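**Student:** Before I ask anything, let me first share the structure, which is written out below as structure tokens.
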Amino acid sequence: MSELNPPIAKRLPHESHVHNLLRVDDYHWLRERESPEVISYLEEENLYAGRMTAHTEELQKQLYDEMLGRTQQTDLNVPVKWGDYWYYSRTEEGKQYNIYCRRRGDMEAEEETLLDLNVEIEKRGSGYINLGVYRVSPDHTLLAYSLDLNGAEDYTIQIRNLESGEDLTDSIPETSYSLEWMADSRTFFYSVQDQAKRPHKIFRHTLGTDLAEDEEIFHEPDERFLVHLYKTSDDQYVILNTASKETREEYLLRSDDLEGRFQLIAAKRSNVEYSVEHRNGILYILTNENAPNFRLMQTPVNALARENWEEVIPARDDVMLNYIAMYSDYLVLHKQTKGLTGISIYEFESQKWVDVEFDEEVYTAFVKQNPEFNSDLLLFSYTSLTTPESVYEYNMRSSERRLLKQKAVLGGYDPTDYRAERITTHAPDGEEIPISLVYRKDQFKGDGTNPCLLYGYGSYGYSMDPWFDSDRLSLLDRGFVFAIGHIRGGQEMGRRWYDQGKFLKKKNTFTDFIACGEKLIEERYTSPDKLAIEGGSAGGLLVGAVINMRPDLAHAAIANVPFVDVVNTMLDATLPLTVGEYEEWGNPNEKEYFDYMLSYSPYDNVEEKEYPDLLVLAGLNDPRVQYWEPAKWTAKLRATKTGENVLLLKTNMGAGHGGSSGRYDYLKEKAFRYAFLIDRLGAE
């Protein structure tokens, strides 16, 4: 094989029959994870990607140095008071991972290190580490934590004695992301996963007892549902919820009732979601029952029946109620209005609402966790496309705010050098689609010659609210325009926005994104030969579908851990997430959904035509989008596409869905992606 010739995956036809249709999958064999031939193929693709990008290595190093140079490497996040302690995490220059700490009394006291991930990864001899559960006991003497050591999201719970720093013998494998302590600081509930990595059971554990004695408290047999635990803000109740994409049911138990049973709040109703908070014997219930954008209800905790629920905040067509946070004297509401987030505060004594005001045209604000229930102080985070993340302390009694910390951007960053805008375009069906964008003023020409990166997601109701990224300055300072398409399938414009981008309306997501790209070209922000598109996971599906539908829209594309083998994955109920995803994409065992998925699935719609320059990224241990989806897609594209445009597959052989876990390694991966864009678009 010539040094610059790509590896060619052999074709081994695999036949299957669905709905009387014979389907042949030439690259099914790439699913054989343990096969040396599969690993060899992935490694050959990695070597090829390295050879094809060797000429950008100096640029990659330059980008890495720029991004690292803007980073405050030794840093401390905003400490949060809980009881007698101030809890925080920090980083140290030269170290990849967070260090979790606390101080007693005030921040001048001696520091206690609770968990140093740099020490933990070295102790375990791993090349990857990710923190799952992190829960300090109510009496502040113990820490429950769990670690994933390969990116496959297999977590083991450990309990650390915070006085001695030693781990207890209690060790619980195959757990999920949730754990909650009871009031005695000896008992806790935790969730475990089934073979498809679905959290499906809740157990109760008492420290020092054999795991075999742990009592199974709850089992969710329906494969669409995942179980989870959380506590109300006042720590009075542990809440157990079981939720699918469209339906949610919750149970509550007093945190001091050590032998008690969870009590059902309201039985499942199809397509009805709700979540609860508690204050002074009253449950506050955020629900979408007869309210697509959600409404707030209340009921006494001893009168849970739905007929006792009273409306507190009615539903509105133009406002989405996202979540609430409860304090002893206040209710804090996070909402979404016309594509922008907002915070409103209700004072129980005065019965008055106050809105927290923000000045910028395009921004994001969200409420931060504050474990002090009896407090007048609200912590919230604010960011925009030009404003680094800023943490404010807001006095809910006086309405005064105080900036506690703004994330440092070293090297003389001046936000006035950049401009953020919100523009709109129209989808083929006439729907108005918002686009947020940012560029450097003195680099923007307005004649179509600027390179542009258009980013999108558009699934699961996840809103792509505008955020600041200091690394992005390496693109903006080279003349890039960065744009976010707020496409349907997200929830920026309310629940209707989500519903119009799922099931049999999924193609709206793709045509919305195409309309965003066309608008940026039409308004001369960029041109087709200077436009790149990017998305990850379900956003990778977006990229794959768009380049099938409109390969001429953009000159380059990045698909990060892309969900592209839609039909085959959704037909395999043994894979993680598949059955639960029926409420997002539809069930392909029903012919109507099968036919619709088949019509847009990127892998199934590869054609003999010229595609943009394409970088595909994967993680070998990824449980959410299996590595073989991007691998099969790349193999099929390589065998089918025409033209000389670049096609690269790069698989992280020691990580999962999120890429490398270390912050320096992550920057190197980002520098690689940025160098690809700059190189392929011919940017300065």
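**Student:** Taking only pairs six or more apart or across chains, which ones have beta-carbon atoms under 9 Å, a first residue in region 420-449 that is in the same structural domain as SER527 (by TED's automatic domain parsing) and at pLDDT 95 or above, and a second residue that is exposed (fewer than 12 other Cβ atoms within 10 Å of the Cβ) and part of a strand (DSSP E or B)?
**Tutor:** Filtered contacts from region 420-449: THR424/GLU432; THR425/GLU432; HIS426/GLU432.
**Student:** Would you call TYR48 surrounded by 11 or more Cβ atoms within 10 Å (Cβ to Cβ), in contact with a Lys or Arg (Cβ under 9 Å, 6 or more places away or on another chain) and either of a type in the set (Ser, Thr, Tyr) or free of Cβ contacts under 8 Å to residues at least 40 places away in the same chain (or both)?
**Tutor:** Criteria not met by TYR48.
**Student:** Just checking, does region 258-268 include any residue being in contact with a Leu (Cβ under 6 Å, 6 or more places away or on another chain) and among the small types (Gly, Ala, Ser)?
**Tutor:** Yes, there is a match, as at least one residue in region 258-268 is in contact with a Leu (Cβ under 6 Å, 6 or more places away or on another chain) and among the small types (Gly, Ala, Ser).
**Student:** Let me ask you something else. Counting only residues that are buried (at least 21 other Cβ atoms within 10 Å of the Cβ) and modelled with pLDDT under 95, give me the strands (runs of 3 or more DSSP E) lying completely in region 191-267 with at least 1 of them.
**Tutor:** It comes to none.
**Student:** Evaluate the following for ASN302: is it modelled with pLDDT of 95 or more, under 23 Å from GLY490 (Cα atoms), surrounded by fewer than 18 Cβ atoms within 10 Å (Cβ to Cβ) and of a type in the set (S, T, N, Q)?
**Tutor:** no
**Student:** Please state which one of LEU637, LEU598 is surrounded by fewer than 24 Cβ atoms within 10 Å (Cβ to Cβ), more than 28 Å from THR53 (Cα to Cα) and touching a residue at least 12 places away in the same chain (Cβ under 8 Å).
**Tutor:** Step by step, each of LEU637, LEU598 is checked, and only LEU598 is surrounded by fewer than 24 Cβ atoms within 10 Å (Cβ to Cβ), more than 28 Å from THR53 (Cα to Cα) and touching a residue at least 12 places away in the same chain (Cβ under 8 Å).
**Student:** Contact list please: Cβ distance under 7 Å, first residue in region 349-365 and in a strand (DSSP E or B), second residue exposed (fewer than 14 other Cβ atoms within 10 Å of the Cβ), pairs at least six apart or on different chains.
**Tutor:** Short answer, once both residue conditions are applied: VAL354/SER399.
**Student:** Sticking with this one: Looking at region 176-183, can you tell me whether even one residue there is closer than 21 Å to LYS231 by Cα, touching a strand residue (DSSP E or B) at 6+ places or on another chain (Cβ under 9 Å) and not in a strand (DSSP E or B)?
**Tutor:** Yes, some residue in region 176-183 is closer than 21 Å to LYS231 by Cα, touching a strand residue (DSSP E or B) at 6+ places or on another chain (Cβ under 9 Å) and not in a strand (DSSP E or B).
**Student:** Restricting the search to region 329-348, which residues are farther than 21 Å from TYR392 by Cβ and either assigned to a strand (DSSP E or B) or modelled with pLDDT under 95 (or both)?
**Tutor:** Listed by number, the residues that qualify are LYS338, GLY339.
**Student:** If you check LEU59, LEU47, LEU42, which single one turns out to be over 19 Å from LEU647 (Cβ atoms) and part of a helix (DSSP H, G or I)?
**Tutor:** Step by step, each of LEU59, LEU47, LEU42 is checked, and only LEU59 is over 19 Å from LEU647 (Cβ atoms) and part of a helix (DSSP H, G or I).
**Student:** Filtering region 412-444 down to residues that are in contact with a Leu (Cβ under 8 Å, 6 or more places away or on another chain) and outside any strand (DSSP E or B), which residue is nearest to THR386 (Cα to Cα)?
**Tutor:** Restricting to residues being in contact with a Leu (Cβ under 8 Å, 6 or more places away or on another chain) and outside any strand (DSSP E or B), the top hit is TYR413.
**Student:** Filtering region 497-521 down to residues that are part of a helix (DSSP H, G or I) and free of Cβ contacts under 8 Å to residues at least 60 places away in the same chain, which residue is surrounded by the most Cβ atoms within 10 Å (Cβ to Cβ)?
**Tutor:** Ranking the qualifying residues of region 497-521, first place goes to PHE513.
**Student:** Next up: Return the only residue of MET320, MET326, MET297 being touching a Gly at 6+ places or on another chain (Cβ under 7 Å), within 29 Å of ASN395 (Cα to Cα) and of a type in the set (A, V, I, L, M, F, W, C).
**Tutor:** Of the residues listed, the single one that is touching a Gly at 6+ places or on another chain (Cβ under 7 Å), within 29 Å of ASN395 (Cα to Cα) and of a type in the set (A, V, I, L, M, F, W, C) is MET320.
**Student:** Still on this structure, I have one more. For region 464-496, which residues satisfy the criterion of being assigned to a loop (DSSP other than H, G, I, E, B) and small (Gly, Ala, Ser)?
**Tutor:** GLY479, GLY489, GLY494 - these are the residues of region 464-496 that are assigned to a loop (DSSP other than H, G, I, E, B) and small (Gly, Ala, Ser).
**Student:** Looking at region 614-629, is at least one residue in a helix (DSSP H, G or I), in the same structural domain as ILE558 (by TED's automatic domain parsing) and surrounded by 22 or more Cβ atoms within 10 Å (Cβ to Cβ)?
**Tutor:** yes
**Student:** Quick check on this structure: which one of SER344, SER350, SER328 is surrounded by fewer than 18 Cβ atoms within 10 Å (Cβ to Cβ), under 28 Å from the mean Cα position of the chain (by Cα) and small (Gly, Ala, Ser)?
**Tutor:** SER344
**Student:** Being touching a strand residue (DSSP E or B) at 6+ places or on another chain (Cβ under 7 Å) and among the polar types (S, T, N, Q) is the filter; apply it to region 370-386 and report the residue that is surrounded by the fewest Cβ atoms within 10 Å (Cβ to Cβ).
**Tutor:** Among those that are touching a strand residue (DSSP E or B) at 6+ places or on another chain (Cβ under 7 Å) and among the polar types (S, T, N, Q), it is SER381.
**Student:** Select, from ASP665, ASP679, ASP622, the only residue that is out of contact with any Lys or Arg (no Cβ under 6 Å at 6 or more places or on another chain), modelled with pLDDT of 95 or more and under 14 Å from SER537 (Cα atoms).
**Tutor:** Every option except ASP622 fails the conditions.
**Student:** Taking the criterion of being modelled with pLDDT of 95 or more, in contact with a Ser or Thr (Cβ under 8 Å, 6 or more places away or on another chain) and at positive phi, would at least one residue in region 454-472 satisfy it?
**Tutor:** For region 454-472, residues modelled with pLDDT of 95 or more, in contact with a Ser or Thr (Cβ under 8 Å, 6 or more places away or on another chain) and at positive phi: present.
**Student:** Is there a residue in region 141-149 that is buried (at least 18 other Cβ atoms within 10 Å of the Cβ), over 24 Å from the mean Cα position of the chain (by Cα) and not in a loop (DSSP other than H, G, I, E, B)?
**Tutor:** yes
**Student:** Between residues in region 574-593 that are under 20 Å from ARG248 (Cα atoms) and residues that are hydroxyl-bearing (Ser, Thr, Tyr) and in a helix (DSSP H, G or I), which pairs lie under 6 Å by C-beta distance while being six or more apart or on different chains?
**Tutor:** Close Cβ pairs (under 6 Å, with a partner that is hydroxyl-bearing (Ser, Thr, Tyr) and in a helix (DSSP H, G or I)) amount to GLY586/TYR593; ASN587/TYR593.
**Student:** Let me ask something else about it. For region 555-600, name all the residues that are modelled with pLDDT of 95 or more, hydrophobic (A, V, I, L, M, F, W, C), assigned to a loop (DSSP other than H, G, I, E, B) and touching an Asp or Glu at 6+ places or on another chain (Cβ under 9 Å).
**Tutor:** VAL561, PHE563, VAL564
**Student:** Does region 17-39 hold any residues that are assigned to a helix (DSSP H, G or I) and charged (D, E, K, R), and which are they?
**Tutor:** Hits for region 17-39 are ARG31, GLU37.
**Student:** I'm checking my understanding of the structure. Among residues of region 522-535 that are part of a loop (DSSP other than H, G, I, E, B) and over 20 Å from ARG673 (Cα atoms), which one is nearest to the chain's Cα centre (by Cα)?
**Tutor:** Of everything passing the filter in region 522-535, TYR525 is nearest to the chain's Cα centre (by Cα).
**Student:** Mind counting the residues in region 63-76 that are part of a helix (DSSP H, G or I) and touching a helix residue (DSSP H, G or I) at 6+ places or on another chain (Cβ under 8 Å)?
**Tutor:** Here the count works out to 5.
**Student:** Quick one: in region 416-462, which of the residues that are surrounded by fewer than 19 Cβ atoms within 10 Å (Cβ to Cβ) and among the polar types (S, T, N, Q) is nearest to the chain's Cα centre (by Cα)?
**Tutor:** The qualifying residue nearest to the chain's Cα centre (by Cα) is THR424.
**Student:** Out of curiosity, is ALA557 small (Gly, Ala, Ser), touching a Ser or Thr at 6+ places or on another chain (Cβ under 7 Å) and crowded, with 19+ Cβ neighbours inside 10 Å?
**Tutor:** no
The values are calculated or read from the model by the stated rules, or taken from the named source; none is laboratory data. No experiment lies behind these values; they were computed from the predicted model shown. Cβ atoms come from the backbone with ideal geometry, glycine included; neighbour counts cover every protein chain shown.
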